[in-house]
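See structure below.
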Amino acid sequence: MEGDGMAIGGISIILILGIVNFLLLLFQLATGLRWIKVRFGVHKKTGILLFITAAIHGLLGLLAN
């Protein structure tokens, strides 16, 4: 990753986005199955955020290769 330019503090941005996506996915699963109770608006907004971060994660993954 040296000289890659796609790192924050030595950690790949793609890896960071992957971890964020996984956490958002777990949250979506938990709220969808009502393990965690939140308003539908919160569930909807985190779903949109998940889509955006997943798209950026995938795009950066394709560009990095």
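The values are calculated or read from the model by the stated rules, or taken from the named source; none is laboratory data. The structure presented is a predicted model; accordingly, all values stated were derived computationally and were not measured. Here the Cβ positions follow ideal geometry from the backbone for every residue, glycine too, while neighbour counts run over all protein chains shown.
A few comments on the model shown:
- The residues of the stretch 19-41 that are free of Cβ contacts under 8 Å to residues at least 12 places away in the same chain and within 16 Å of the chain's Cα centre (by Cα), listed by number, are 19, 22, 23, 26, 29, 30.
- If only residues of the stretch 24-47 that are aliphatic (A, V, I, L, M) and either more than 23 Å from residue 63 (Cβ to Cβ) or in contact with an Asp or Glu (Cβ under 7 Å, 6 or more places away or on another chain) (or both) are counted, the one that is surrounded by the fewest Cβ atoms within 10 Å (Cβ to Cβ) is 33.
- Taking the criterion of being of a type in the set (Lys, Arg) and assigned to a helix (DSSP H, G or I), the residues of the stretch 31-62 that qualify are 44, 45.
- Residue that is farthest from residue 60 (Cα to Cα), among those in the stretch 1-20 that are of a type in the set (A, V, I, L, M, F, W, C) and at pLDDT below 85: 1
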